[in-house]
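The values are calculated or read from the model by the stated rules, or taken from the named source; none is laboratory data. Predicted model only: the values in this text are computed from it and were never measured. All Cβ positions, glycine included, derive from the backbone under ideal geometry; neighbour counts span all protein chains shown.
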């Protein structure tokens, strides 16, 4: 059976199941900008649902069969199972259905420079950095980011040039639906082990993604990652390496770091200094993100010095080490990091900024991830003074009944971590307010709805301020 194509439904009604997801909400905005009528549904009322409603999408809370009736095409995220009532009703009515990644691939078709940014960590940041570089250089790209970037006023942009930049996610092998002409590979790491057997299968799948590049395409990758180097060795197209190693075409030299973790360095290309960079986001991992984005930007026509200037202004996408409040002399941040490696990075940069005590608040994401990476969770917040762990965010999964956050907390304590299980957001907020002191820093971490805890703390603070006035 032929796969439905978005271009076959100009001006039609597109119904999106799971419209509140980071990628789905962005695609909804992009479709609206291109003249489609968009409806959708999600399990909960979230800030991303609010954004697509502002764009005039009709959004239903809760999945019901009647929501899809009258739609010309149904798009569903990878988290939506076949027995979802809306998918089942669409099939019964004969309404064509496609998966989110298929839609993204279709929207990218025909762009001479179709850029897919992939990797276990850093996709949103690199896509955001690259997008801002292209925008500030007047290259007018189309953009799809799995987060919100102030520089483009959201998570998507419809441009009028030959460039389309998008995150290429390996979850459920989604990026294999794309047809990239440029691939940026940041790292290959063990994650999403609910749909991959092991790290070797993940590497093999990244290799499949790279094999989608045409012979005149370009692969840009982390030269410090042996798995990426191994994949690149099998390619016929042009390859460009970035990394800390001086053997990489793009690398930093003379790097320094201030007491808050903000790096400055000389940017080298093929052994020649081409720009001086002063980062506006902290962390050594963001230096790697910067190298990746510069390598891609210059390949697409950006001047290296202009790219470096953009890095000096780039303040990050939302939910990436984002300062959300300062209350009672306590700075409160949120970070999207949702596996132990990303949480460790977030805690590390928080430690450098924090002058008092550091509170790491973790919302573990999916039972399968916690099970497969259990041992890594037990020490990833070791630089914090206190760790609070909320209940596991099930997301697309069902509670198996044999795993909970209390088990994580017990394991953390056995590793010397001062950890407490605070199941709900109310529990967590109460514990923080009872114990935090001026000069402390709180960082909430996770890709579920843990950002709503920051919103809750902010709202309660405003309410208390209003009562005092």
(request) Considering each of 317, 297, 290 in turn, give the residue that is modelled with pLDDT under 95, surrounded by 23 or more Cβ atoms within 10 Å (Cβ to Cβ) and in contact with a helix residue (DSSP H, G or I) (Cβ under 7 Å, 6 or more places away or on another chain). (result) 317
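If I ask for residues that are part of a helix (DSSP H, G or I) and either in the same structural domain as residue 335 (by TED's automatic domain parsing) or crowded, with 24+ Cβ neighbours inside 10 Å (or both), which ones from region 127-148 would you list? Walk me through how you get there before you give the answer.
Residues of region 127-148 that are part of a helix (DSSP H, G or I), as a first pass: 127-136.
Of everything in region 127-148, those that are part of a helix (DSSP H, G or I) and either in the same structural domain as residue 335 (by TED's automatic domain parsing) or crowded, with 24+ Cβ neighbours inside 10 Å (or both) turn out to be 127, 128, 129, 130, 131, 132, 133, 134.
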(message) Please determine whether any residue of region 385-401 is in contact with a helix residue (DSSP H, G or I) (Cβ under 7 Å, 6 or more places away or on another chain), crowded, with 16+ Cβ neighbours inside 10 Å and assigned to a helix (DSSP H, G or I).
(response) no
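Yes/no matrix, rows are residues, columns are (1) in a strand (DSSP E or B); (2) surrounded by 15 or more Cβ atoms within 10 Å (Cβ to Cβ); (3) assigned by TED's automatic domain parsing to the domain that holds residue 124:
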| position | (1), (2), (3) |
| --- | --- |
| 30 | no, yes, no |
| 40 | yes, yes, no |
| 74 | yes, yes, no |
| 78 | no, yes, no |
| 81 | no, no, no |
| 86 | no, yes, no |
(request) Keeping to region 128-175, report how many residues are out of contact with any strand residue (DSSP E or B) (no Cβ under 9 Å at 6 or more places or on another chain), at pLDDT below 90 and closer than 19 Å to residue 290 by Cα. (result) 2
(message) Contact list please: Cβ distance under 6 Å, first residue in region 8-22 and outside any strand (DSSP E or B), second residue buried (at least 24 other Cβ atoms within 10 Å of the Cβ) and at pLDDT 95 or above, pairs at least six apart or on different chains.
(response) 19/40
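If the requirement is being in the same structural domain as residue 307 (by TED's automatic domain parsing), surrounded by 14 or more Cβ atoms within 10 Å (Cβ to Cβ) and within 30 Å of residue 312 (Cβ to Cβ), which of these qualifies: 270, 187, 254?
Being in the same structural domain as residue 307 (by TED's automatic domain parsing), surrounded by 14 or more Cβ atoms within 10 Å (Cβ to Cβ) and within 30 Å of residue 312 (Cβ to Cβ) holds for just one of 270, 187, 254, which is 187.
With respect to residue 17, is the statement that it is closer than 20 Å to residue 108 by Cβ and surrounded by 15 or more Cβ atoms within 10 Å (Cβ to Cβ) true? Step through it out loud before you land on a result.
On the way: closer than 20 Å to residue 108 by Cβ: no; surrounded by 15 or more Cβ atoms within 10 Å (Cβ to Cβ): yes.
It is false that residue 17 is closer than 20 Å to residue 108 by Cβ and surrounded by 15 or more Cβ atoms within 10 Å (Cβ to Cβ).
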(request) Write out, first by first residue and then by second, each pair whose Cβ atoms fall under 7 Å of each other, whose residues are 6+ apart or on separate chains, and whose first residue, in region 341-355, is outside the structural domain of residue 286 (by TED's automatic domain parsing) while the second is part of a helix (DSSP H, G or I). (result) 345/285
(message) Looking at region 282-301, can you tell me whether even one residue there is closer than 27 Å to residue 417 by Cβ and not in a helix (DSSP H, G or I)?
(response) yes
(message) Can you tell me which of (1) at pLDDT below 90; (2) over 17 Å from the mean Cα position of the chain (by Cα); (3) within 26 Å of residue 26 (Cα to Cα) is the one residue 178 doesn't meet?
(response) (1)
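Matching residues to (1) within 15 Å of residue 23 (Cα to Cα); (2) assigned to a strand (DSSP E or B); (3) without any contact (Cβ under 8 Å) to a residue 60 or more places away in the chain:
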{"position": "104", "(1), (2), (3)": "yes, no, no"}
{"position": "114", "(1), (2), (3)": "no, yes, no"}
{"position": "125", "(1), (2), (3)": "yes, no, no"}
{"position": "161", "(1), (2), (3)": "no, no, yes"}
(request) Search region 420-469 for residues being within 24 Å of the chain's Cα centre (by Cα) and in a strand (DSSP E or B), and hand back the single one that is surrounded by the most Cβ atoms within 10 Å (Cβ to Cβ). (result) 443
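Name the residues in region 50-62 that are under 24 Å from residue 106 (Cβ atoms), without any contact (Cβ under 8 Å) to a residue 60 or more places away in the chain and surrounded by 15 or more Cβ atoms within 10 Å (Cβ to Cβ), would you?
52, 55, 57, 58, 59
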(message) Restricting to region 402-419, count the residues that are buried (at least 16 other Cβ atoms within 10 Å of the Cβ) and either in contact with a strand residue (DSSP E or B) (Cβ under 6 Å, 6 or more places away or on another chain) or not assigned by TED's automatic domain parsing to the domain that holds residue 382 (or both).
(response) 6
(message) Condition first: closer than 30 Å to residue 183 by Cα and either modelled with pLDDT of 95 or more or in contact with a helix residue (DSSP H, G or I) (Cβ under 9 Å, 6 or more places away or on another chain) (or both). Can you find one or more residues in region 80-93 that meet it?
(response) yes
